[in-house]
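Heads up: the structure comes next, in C-alpha cells.
The values are calculated or read from the model by the stated rules, or taken from the named source; none is laboratory data. For clarity, every value in this text was computed on a predicted model and none was experimentally measured. FYI the Cβ positions are ideal-geometry reconstructions off the backbone, even for glycines, and counts take in every protein chain you see. Side chains are part of the model used for accessible areas, which takes the heavy atoms of the whole protein and leaves out ligands, DNA and RNA. Shrake-Rupley method; radii C 1.70, N 1.55, O 1.52, S 1.80 Å.
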Amino acid sequence: MSLRVGRIPFLVCAPFFHDFLGREGEYREFDFVDGPPSAHCAGLMDGSIDLSPASSITFALKPGAFVLSPSLCTSCSFEVRSVKLFSRYPIESLGGRTVRITSQSRTSVALLRILLEMRYGLKPAYVQGFAAEDGDDACLLIGDMALEENERGRFEYNYDLGSLWQEWQGLPFVFGAWVISKAAAQENRAGLERYMDLTERSIEKFRADVGASLDRWLARYPVHLPRTVVEDYYSFLDYRFTEERKRSLSLFLSLAARMCLTEQAQPLEFL
C-alpha cells in the first residue's frame with residue numbers, strides 16, 4: 001500500500017523533501033502530491049492524502065482523526081520571516097481597517113486573528129484574497145510570497161507573526177506539524193515510520209550542504225529571490241518538535257477553540 005504524501009513547494013519545506021526529488025522511482029511506496037497547506041489540509045480532511053507537513057491547526061479540525069510526528073515540526077525562535085503582516089499603518093491602528101487574509105494557511109489566519117483580537121483588542125475587517133492589493137490597509141502573506149514581499153518593501157510596516165507570538169506568550173510558535181491520518185497509522189505504521197526516518201535524514205543532509213540541497217530544490221521550484229536571502233532564511237527555522245514547542249501548539253489550539261476557530265480543544269496525540 002502506497003502512502004500519499006502532501007508535498008508543499010515552499011522554501012520552508014525544502015529540507016523535508018529535497019532528498020526525494022529526482023529519486024521518486026526509488027520510493028515507489030510513496031506518492032507525492034504537490035499543493036499549498038490549504039490543499040493538504042483539505043486532503044487530510046477528506047482522506048485523499050495520508051500525511052503532510054500541514055498547517056498545525058489541521059490537527060484540531062477533525063477531532064480524533066489524526067496523530068502527529070513526535071519529533072518534527074516547522075517552528076522558529078522569534079522571527080520566521082515567511083509569515084508576516086504587511087501594513088500601511090501601525091498594528092495598533094488596524095481596528096476597523098481592511099486586512100486581507102491568505103487562503104493558503106488556516107494556521108496563519110488563526111494566529112493573526114488571535115494576535116489582533118486577543119493581544120491587541122482589535123476588530124479589523126477581514127477580506128479573503130490570495131495576494132496583496134494596492135488598496136489594502138494590511139495583508140497577511142505566507143511562504144515564498146512573504147519572502148518576496150520583504151524584498152519589495154511596498155508597505156511601511158511589517159510584523160513577523162512568530163515574533164509577535166513569542167513576545168506575547170514566551171514560546172516559539174509552531175506553524176506546521178506533520179499531520180498523519182490515524183487510519184494510515186493503523187494500516188501502514190511500518191511505512192509511515194520508514195517515511196519519517198527518511199525525512200529526518202533529508203533534513204540532516206540539507207543542513208550538511210545547504211547549497212547543493214537548494215540547487216536541487218530550486219531547479220524544481222524556482223523563486224524570485226537573491227540566493228543569499230534564500231540561504232539565510234534557514235538560519236531562522238528549526239524543525240525539532242521539542243517539549244516547549246508542543247506546549248506552544250497546545251496553547252495555540254486552546255486559544256483557537258476559545259475563539260471558535262476550531263470546534264474544541266484536544267490533547268496532542270502522536271504516532
Dipole check, the chain, charges on Cβ (K,R +1; D,E -1), about Cα centroid: among GLN186, GLY22, PRO226 the Cα furthest to the positive pole belongs to GLN186
At 37 °C in a medium of viscosity 0.692 mPa s, the chain has a Stokes-Einstein diffusion coefficient, with Rh taken as the Kirkwood radius over alpha carbon pairs, in µm² per second, of 174
How much length is gained if the chain between SER71 and SER235 is pulled fully straight, taking 0.36 nm per residue apart and subtracting their Cα-Cα distance, in nm to one decimal?
-> 57.1 nm
Which of ALA146, GLN166, MET118 sits closest to the plus end of the dipole of region 102-169, meaning its Cα is farthest towards the positive end, when Lys and Arg get +1 and Asp and Glu get -1 on the C-beta?
-> MET118
Which number do you get for Rg(Cα) / (2.2 N^0.38 Å) in region 19-90?
-> 1.40
Given charges at beta-carbon only (K, R positive; D, E negative), |dipole| of the chain in Debye = 460
Using the Kirkwood radius over Cα pairs, work out the Stokes-Einstein diffusion coefficient for region 1-56 at 37 °C and 0.692 mPa s, in µm²/s as a whole number.
-> 286
Would you tell me the accessible area of SER71, worked out with a 1.4 angstrom probe on the heavy atoms of the protein chains, in Å² to the nearest 10?
-> 50
So what is the relative contact order for region 1-114, in percent, with contacts set as C-alpha pairs under 8 Å and at least six apart?
-> 29
What number comes out for the charge environment of ASN150, summing +1 per Lys or Arg and -1 per Asp or Glu over other residues with Cβ under 9 Å away?
-> 0
Tally of Lys pairs whose C-alpha atoms are under 30 Å apart, taken over the chain, 8 or more apart or cross-chain | 11
Could you run the Karplus curve 6.51 cos²θ - 1.76 cosθ + 1.60 with θ = phi - 60° over region 16-33 and give me ³J(HN,Hα) per residue in whole Hz, x for Gly and Pro?
-> 5, 10, 4, 6, 8, 5, x, 10, 4, x, 7, 10, 5, 7, 10, 10, 8, 10
Relative counts (whole %) of C-alpha pair distances in region 97-193, using bins that are 10 Å wide | 13, 39, 27, 14, 7, 0
Distances over 18 Å make up what percent of all Cα-Cα pairs in region 131-271?
-> 70
When Lys and Arg each count +1 and Asp and Glu each count -1, what net charge do the other residues less than 13 Å away from GLY22, Cβ to Cβ, add up to?
-> -1
Only Lys, Arg (+1) and Asp, Glu (-1) charged, at Cβ; region 137-271 dipole about Cα centre in debye = 420
